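The values are calculated or read from the model by the stated rules, or taken from the named source; none is laboratory data. In this text, all values refer to a predicted model and were calculated from it rather than measured experimentally. Cβ placement follows ideal geometry from the backbone for every residue including glycine, while neighbour counts extend to all protein chains displayed. Heads up: the accessible areas ignore ligands, DNA and RNA and are worked out on the full protein's heavy atoms, side chains in. Shrake-Rupley method; radii C 1.70, N 1.55, O 1.52, S 1.80 Å.
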Amino acid sequence: MSAAIASLASYGSDSDSENESESKPGTEKVAPVEPDATTHLKPLQPGYKTSLAVLNSAPEVAVKESVETGIHLDPFLKEVTYNPTYETMFAPELGPQNPHRTQQMAAPRNMLSGYAEPAHVSDFMFEQQRRTFSSFGYALDPSVDTHQVSSVSYIGAVDEAEKNKGMTVFESGQKKSEKRKKVKGGDAGEIDGFLGPWAKYVDEKDVAKPTEEEKKELDEITAKRQKRGRNEEEAPSEEKTILHVKDMYDYQGRSYLHVPQDVGINLRSADAPDKCYLPKKQIHVWSGHTMGVSAIRLFPSSGHLLLSSSMDCKIKLWEVYNERRCLRTFIGHSKAVRDICFNNSGTQFLSAAYDRYLKLWDSETGQCISRFTNRKVPYCVKFNPDEDKQNLFVAGMSDKKIVQWDIRTGEVVQEYDRHLGAVNTITFVDENRRFVSTSDDKSLRVWEWDIPVDFKYIAEPSMHSMPAVTLSPNGKWLACQSMDNQILIFGAQNRFRLNKKKIFKGHMVAGYACQVDFSPDMSYVVSGDADGKLNIWDWKTTKLYHRIKAHDKVCISALWHPHETSKVITCGWDGQIKLWD
């Protein structure tokens, strides 16, 4: 092994040894010996001298006779005819000399400010002395070797150094170790008021009791807060009603809730018309609301009365047949009314408004029967359509919950809290055993009645919010107004699957909850849009058949009369309700 190392060493220093032998006079030249390839493998015998040339198994290389140290080696050179030294091989590349460099810049530098000679001082010691000098004006004299000389000498402010006993910036103040020792020693008597590591201070109190002045201030602040809270809560507005007709009852003692028999069609019949036709012209306008109409609902079963809610905080009841008068106005909300819903018999209805109240009204007398609130804005409200559950209703709230109330007790009996956004619609399906809800979280959830966990959750990345949903007359389909200007059709039985063949397009509704409806014979789909137009599509082909300019502002709702072949009622944000035939 030692022989191999020696041979490698000789390879690198071969040229130097030859140069030395040439330069020294009187030195005998050693005759070249043919190298033996196996010599370095043989063990060296004691006292046996072997020539380096014998151990050197590398081929001989011509060495340049006049080798100058520090000569520059061209980096683009392909072949070197001599053995260059390490310094020559790793010398920096040289370029043309800069004539504008000053003598100071041309001088060798190993730091920004010049050339620092290597000294036997660690980086920490140097930095310590430099900072001490810049702070206190003195430092240790670097020219004096403290190992050889017993006394310490300073440079700079010597008097200051003697005064501070040569203290450096890192030693100023009390040492941490001394502090720690004191605390560890448990000498608590030196710290004022300190009784021990786990004890309290002398004057420490458990409860901070406010002074009389502080107490007064606190009482004022709490009183203000309570006042502010009361203002926000706002007591329910006083309810009143206005009857617009001369006589509330006819000569037989029947009110306007009685279904008329003299209108040309049987409104008591449960059968839908066999064939429906496209409405062509406007035949009546109901005007009375001073602001936009938000929702319209026909009287259950017969459809002889029309209930409308508006942003002017009022609810009005209108005749659909005969003179088409405004029968009654219900006043009781302090903010815009968002949604309305009749019970099965039509004798009562619920209203939901932005004043955070849900109110139950008597359709005949106009009396407000009861009020409900959970301090959140109700966005939609629906009675349970089952005859034996007419005392229960559900409301979709702004706080992502669906709340179920009992009219008899006025208490919340169930909460469906699974949505991630405000609840926009509630629609009963499957013979009223289930209901479907849509929300601002762009999902559709299906619930069993009275079970607060959704058993079906539909949410696709491509889905948008669906703020208006309508069940088809045959109960098989749900028409959902999507915010991407489409009406999507979902199956309302079992799977609740999206019907991709039935997508109705061609209208502009983005940002508006325009209500959709079906014709009674399932031939047509109708919807308003943001431009105030009434759009009518063919159900089978999904082709846009007809478009009528119905309102000056948004046409927010369109209803097809359940007993008429071509009568459609629309309402808009221009405050008008129109009848088309």
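Accessible surface ranking for 455, 349, 1.4 angstrom probe, highest first: 455, 349. Placing +1 on each Lys and Arg Cβ and -1 on each Asp and Glu Cβ, with no other charges, gives the range 365-510 a dipole about its Cα centre of roughly 540 debye. Each residue of the range 193-201 is assigned a 3J(HN,Hα), and the resulting list reads x, 8, 9, x, x, 10, 8, 7, 6 Hz, derived from the Karplus form 6.51 cos²θ - 1.76 cosθ + 1.60 (θ = phi - 60°), x at Gly and Pro. Using the alpha-carbon positions of the range 275-578, Rg (one decimal) and Dmax (whole number) come out as 17.9, 50 Å. Across the cross-link table entries 500/543; 335/376; 281/578; 275/505, which are compared at the Cα atoms, the separations over 19 Å belong to 275/505.
Counting only other residues whose beta carbon sits under 14 Å from that of residue 158, what net charge do I get with K and R as +1, D and E as -1? Neighbourhood net charge equals -2. The order of 448, 220, 238, 564 by accessible area, most exposed first and with a 1.4 Å probe, is 238, 220, 448, 564. Estimated from the Cβ-Cβ distance and a Förster radius of 60 angstrom, the FRET efficiency linking residue 280 and residue 213 is about 0.15. Whole-Hz Karplus values for the range 412-425 come out as 6, 10, 7, 10, 9, 10, 10, 6, 10, x, 4, 7, 9, 9 Hz, taken residue by residue from phi with 6.51 cos²θ - 1.76 cosθ + 1.60 and θ = phi - 60°; glycine and proline positions read x.
Projecting the Cα atoms of 516, 358, 425 onto the charge dipole of the range 275-578, computed from C-beta unit charges around the Cα centre, puts 516 farthest toward the positive end. Seen from residue 577, the other residues with C-beta closer than 11 Å to its C-beta sum to a net charge of +2, counting Lys and Arg as +1 and Asp and Glu as -1. Largest first, the residues 407, 451 sort by 1.4 Å accessible area into 451, 407.
Within the assembled protein chains, the solvent-accessible surface assigned to residue 290 is about 110 Å², based on a 1.4 Å probe. For residue 503, no residue 5 or more places off, or on another chain, has a built amide H under 5 Å of its own. Other residues with beta-carbon under 13 Å from the beta-carbon of residue 476 carry, at +1 per Lys or Arg and -1 per Asp or Glu, a net charge of +1. Taken as Cα centroids, the range 272-306 and the range 356-417 sit 25 Å apart, rounded to the nearest whole angstrom.
Sequentially through the range 490-500, phi angles give Karplus couplings (6.51, -1.76, 1.60; θ = phi - 60°) of 10, x, 9, 10, 6, 7, 6, 8, 6, 8, 6 Hz, Gly and Pro residues having no value and appearing as x. Pairwise Cα separations in the range 212-313 fall into 10 Å bins from 0 onward with the following percentages, short to long: 9, 22, 26, 15, 10, 9, 6, 3, 0. To the nearest 10, the accessible area of residue 81 is 90 Å² with a 1.4 Å probe. Residues whose amide H comes within less than 5 Å of that of residue 572, counting only those at least five positions distant or on another chain, are 293, 556 (H built at 1.01 Å from N in the peptide plane).
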